[in-house]
Amino acid sequence: MGVGALKPAVFLDRDGVVNRALVRDGKPHPPQTLEDLEVLPDTPDLLARLKVLGFSLVVVTNQPDVARGTQQRSVIDAMHQHLNSRLPLDAFYVCDHDDADRCPCRKPKPGLLLRAADDLALALNESFLIGDRWRDIDAGTAAGVRPIWIDYGYAERGPATVPFARVKSLKEAVEQIESAVKR
């Protein structure tokens, strides 16, 4: 496959970017049930704007509660089916391991993005990642995409790498991408 056939993507973290993260003690947590899953306001319209620009939209998410035994993979799959029915998403890539598993796809490692790029013929150097945690930003940098950090001020460390942009919302992240594409 020639280089010209590769397509740019926007990689999206799930919890806190596409749907509401449940914040307890300053730290984000995923919804535990399908009923708890809430798509963030304006997300369908914002993602549609990215599709108009020609981006593939790929969710890349760590879901370590599966490895920890506090979540079922079937519930995560049902959440993704629900999100896919409401949003213009192209694919979901999930790491359901914990740090102790030393999995190459668990963010901050770039494995999810690299696998998606290979499977979907994506041009990493023309792509972006939108995430709300340090793991997202560091994974994006390691994969060679331009990471955009939605900084909600969580009670955790920031990224080890400098993001392409630091914003306060998905709307601002999409505006950063639109601006970069128009240059």
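The values are calculated or read from the model by the stated rules, or taken from the named source; none is laboratory data. Source: prediction; values computed, not measured. Quick reminder, even Gly has a Cβ in these numbers, built from the backbone with ideal geometry, and neighbours come from all protein chains shown. To get the accessible areas, we keep the full protein, side chains included, count just its heavy atoms, and leave off ligands, DNA and RNA. Shrake-Rupley method; radii C 1.70, N 1.55, O 1.52, S 1.80 Å.
A quick yes/no check of all residues on (1) closer than 22 Å to PRO31 by Cα; (2) hydrophobic (A, V, I, L, M, F, W, C):
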| position | (1), (2) |
| --- | --- |
| LEU47 | yes, yes |
| HIS97 | yes, no |
| ALA100 | no, yes |
| ALA117 | no, yes |
| LEU129 | yes, yes |
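Under the condition of being open to solvent by less than 10 Å² (accessible area, probe 1.4 Å) and either farther than 19 Å from LEU112 by Cα or not polar (S, T, N, Q) (or both), the residues counted in the stretch 56-79 number 6.
Filter the stretch 118-134 down to residues that are open to solvent by less than 10 Å² (accessible area, probe 1.4 Å) and of a type in the set (Gly, Ala, Ser) and give me whichever is farthest from GLY158 (Cα to Cα). For the stretch 118-134, the residue satisfying everything is ALA123. Candidates ARG49, ARG24, ARG102: the one that is within 29 Å of GLU126 (Cβ to Cβ), more than 15 Å from the chain's Cα centre (by Cα) and surrounded by fewer than 18 Cβ atoms within 10 Å (Cβ to Cβ) is ARG49.
Taken over the stretch 105-117, the criterion of being open to solvent by 40 Å² or more (accessible area, probe 1.4 Å) and in contact with a strand residue (DSSP E or B) (Cβ under 7 Å, 6 or more places away or on another chain) is satisfied by ARG115 alone. Within the stretch 140-183, the set of residues being open to solvent by 40 Å² or more (accessible area, probe 1.4 Å), assigned to a loop (DSSP other than H, G, I, E, B) and touching a Pro at 6+ places or on another chain (Cβ under 7 Å) comprises just one member, PHE164.
Hey, can you tell me all the residues within the stretch 1-43 that are free of Cβ contacts under 8 Å to residues at least 24 places away in the same chain and in a loop (DSSP other than H, G, I, E, B)? Passing the criteria: GLY2, ARG20, GLU38, PRO41.
Going by what's in this entry, would ILE137 be described as open to solvent by less than 70 Å² (accessible area, probe 1.4 Å) and within 19 Å of ALA48 (Cβ to Cβ)? Taking the combined requirement at face value, the residue does not satisfy it.
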